[in-house]
Amino acid sequence: MDSKHEKQYIFNMNLARIMGLYQILTPTSTKICGYNIYHTVIVVFGSFMLAISMLFPIGLLYLRNDIIALMYYMGCISNFVLSSYKMGNILYYSKDIWKCIDVTSFYFISYKHYDRNVFKKWQTRSIRVTYLYIVIALFAFFCWIFSPCVMNKSIITIRNIDGSYSKYRMNIFNIYLIASHETYNTYFYIFYIIEIIVSVCYVYFTIIFDVLMLLICFAISYQLETISNTIESFGYEKCTQNNISNGNSMQLEKKCDIIYNDLITILADHQNVIKKLKDFYNMFRLVTLTQIFIASSSHVFIWSIAAMSTDGGDNADSILSFKLFIVLPLINFQLFMTCSLFGTINEKKDSIIFALYSSNWTNMDLKTKKIILFGLIINNANQLKMKFTNTKIVNLEMFSHTMRFCYSIFSMLINYNNKNKMN
């Protein structure tokens with residue numbers, strides 16, 4: 001990835017440099033003791049966030065009687081640990097990701113007659129979606145970090161394991177840091193600064209990983225669509241075997257050789273893209289599946305907390321529900337884009353089979369037909385997909401199932417609360 005030719009990539013290179021994504025991945029970044037300086041800083045802050053996150057399970061021991069607080073803490077633990085895992089995955093595979101990101105280049109595929117208008121479409125789409133995601137994430141971030149200033153008189157009441165109640169001032173996350181509510185309220189601003197650092201790390205780690213994943217998914221989708229469109233129209237504009245038999249055999253046979261060589265080049269490009277896809281899945285599969293699971297769980301937690309806060313009880317629960325609903329668009333966007341893009345990659349990858357069959361193969365010479373048949377066999381045997389299980393594929397159907405499940409949980413809890421009120 002060469003920053004001097006940024007218009008040749010499916011990504012806004014200026015944004016990558018502003019975010020630090022380019023500096024994290026490039027081997028030419030400033031080093032300290034042989035280590036990338038950006039990696040060192042990230043490891044320090046990531047370790048701090050992870051250490052703070054490890055205090056959450058201690059808080060769970062005191063919150064077993066408070067279902068809403070328990071679900072909220074479980075959601076915080078899972079998301080904070082996941083963000084650290086995301087960033088750690090990028091640092092661990094930084095050299096491999098740098099090589100894999102070549103697939104975002106305009107010139108990654110070598111055939112000269114591809115329709116390059118497709119590139120502009122995917123480049124524009126990638127930049128718009130990336131900016132939209134960053135705006136949603138930053139909006140949620142600023143709402144959360146400034147919420148204690150706006151709601152500085154709000155108090156969260158938590159029921160302890162011994163049956164007593166503790167009253168804490170409303171903070172960003174209200175992380176349990178082994179401090180009594182008197183200590184927490186007295187040194188509120190110290191805890192506020194700690195939680196700001198944690199929130200900055202969480203948002204930054206999350207954005208970096210998700211933007212990188214979007215970048216590579218958009219690039220692979222573009223490359224596969226370009227190759228598929230070219231193969232689908234292949235052989236209709238040039239010489240065919242029937243034309244050879246009608247005369248000018250010398251010239252026409254030479255053109256058929258060109259068709260054969262072009263087809264070899266296109267199929268080689270396709271295999272290179274598939275190789276990058278395999279590398280991408282090897283590096284991102286486990287993190288992506290974990291993110292889908294935790295995003296789905298967080299969705300369930302948010303709707304469950306909202307349903308249990310509708311009984312008109314503690315005002316703090318309503319404030320917490322409001323803050324969680326601000327995060328909901330971000331979680332929905334993560335879940336939707338992940339399922340949508342991997343589903344698109346599956347469709348584009350499988351479309352090569354139909355494209356090969358749709359080409360003008362019936363009028364080509366024998367050796368070209370053999371290559372097309374070979375391509376059909378190879379791609380039909382290639383079942384590379386992002387899957388949870390052998391039957392559950394990551395696509396939009398999975399997203400719709402998650403939304404329906406969350407709605408059913410919300411409706412069930414609402415009905416349960418209404419029955420309790422009537423009794």
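What the table below lists for this structure:
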read-out: Tabulated pairs, region 343-367, first of a type in the set (Ser, Thr, Tyr), second modelled with pLDDT of 85 or more, C-beta under 6 angstrom, 6+ apart or interchain; value: Thr344/Ser221; Ser351/Ser228
read-out: Pairs, first touching a residue at least 24 places away in the same chain (Cβ under 8 Å) in region 282-303, second among the small types (Gly, Ala, Ser) and crowded, with 17+ Cβ neighbours inside 10 Å, C-beta under 7 Å, six or more apart; value: Ile294/Ser78; Ser297/Ser78; Ser298/Gly75; Phe301/Gly75
read-out: Residue match in region 316-339 (condition: touching a Lys or Arg at 6+ places or on another chain (Cβ under 9 Å) and part of a helix (DSSP H, G or I)); value: no
read-out: Qualifying positions in region 90-144 - touching a His at 6+ places or on another chain (Cβ under 9 Å) and either closer than 30 Å to Ile193 by Cβ or modelled with pLDDT of 85 or more (or both); value: Leu91, Ser94
read-out: Residue within region 209-222 that is within 30 Å of Asn89 (Cβ to Cβ), modelled with pLDDT of 80 or more, open to solvent by 40 Å² or more (accessible area, probe 1.4 Å) and within 31 Å of the chain's Cα centre (by Cα) present; value: no
read-out: Of the criteria (1) within 26 Å of Thr389 (Cα to Cα); (2) of a type in the set (S, T, N, Q); (3) open to solvent by less than 60 Å² (accessible area, probe 1.4 Å), which one Ser318 fails; value: (1)
read-out: Near pairs, Cβ below 9 angstrom, 6+ apart or cross-chain, from region 255-266 (polar (S, T, N, Q)) to any residue that is loosely packed, with under 14 Cβ neighbours inside 10 Å and at pLDDT below 85; value: Thr265/Ser110; Thr265/Lys112
read-out: Candidate set from region 100-138 (those that are of a type outside the set (A, V, I, L, M) and in contact with an Asp or Glu (Cβ under 8 Å, 6 or more places away or on another chain)); member that is nearest to Leu25 (Cα to Cα); value: Cys100
read-out: Residue among Asn332, Asn382, Asn395 that alone is over 30 Å from Thr157 (Cα atoms) and either at pLDDT 75 or above or buried (at least 19 other Cβ atoms within 10 Å of the Cβ) (or both); value: Asn395
read-out: Search result, residues across region 88-115 that are in a loop (DSSP other than H, G, I, E, B) and free of Cβ contacts under 8 Å to residues at least 40 places away in the same chain; value: Lys112
read-out: Test: residue in region 59-71 that is at pLDDT below 80 and among the polar types (S, T, N, Q); value: yes
read-out: Evaluation of Thr28 against (1) open to solvent by 70 Å² or more (accessible area, probe 1.4 Å); (2) assigned to a helix (DSSP H, G or I) (one fails), failing number; value: (2)
read-out: Some residue of region 282-297 being of a type in the set (A, V, I, L, M, F, W, C), touching an Asp or Glu at 6+ places or on another chain (Cβ under 7 Å), farther than 17 Å from Lys392 by Cβ and at pLDDT 80 or above; value: yes
read-out: Selected residue (only one of Tyr133, Tyr85, Tyr38, Tyr73 is free of Cβ contacts under 8 Å to residues at least 24 places away in the same chain, of a type outside the set (D, E, K, R) and either touching a Pro at 6+ places or on another chain (Cβ under 9 Å) or outside any loop (DSSP other than H, G, I, E, B) (or both)); value: Tyr38
read-out: The one condition in (1) open to solvent by less than 40 Å² (accessible area, probe 1.4 Å); (2) more than 29 Å from Ile220 (Cβ to Cβ) that Phe146 fails to fulfil; value: (1)
read-out: Residue count for region 398-423, restricted to those that are modelled with pLDDT of 70 or more and either over 21 Å from the mean Cα position of the chain (by Cα) or open to solvent by 80 Å² or more (accessible area, probe 1.4 Å) (or both); value: 8
read-out: Cross-chain or 6+ apart pairs with Cβ under 9 Å, region 388-403 first and over 15 Å from Val300 (Cβ atoms), then small (Gly, Ala, Ser) and open to solvent by less than 90 Å² (accessible area, probe 1.4 Å); value: Ile393/Gly343; Val394/Gly343; Asn395/Ser340; Asn395/Gly343; Leu396/Ser340; Leu396/Gly343; Glu397/Gly343
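The values are calculated or read from the model by the stated rules, or taken from the named source; none is laboratory data. Just so it is clear, the structure is predicted and the values come from calculations on it, not from any experiment. Heads up, the Cβs are rebuilt from the backbone with ideal geometry, glycines too, and the neighbour counts pull from every protein chain shown. These accessible areas exclude ligands, DNA and RNA; they are computed on the full protein's heavy atoms, side chains included. Shrake-Rupley method; radii C 1.70, N 1.55, O 1.52, S 1.80 Å.
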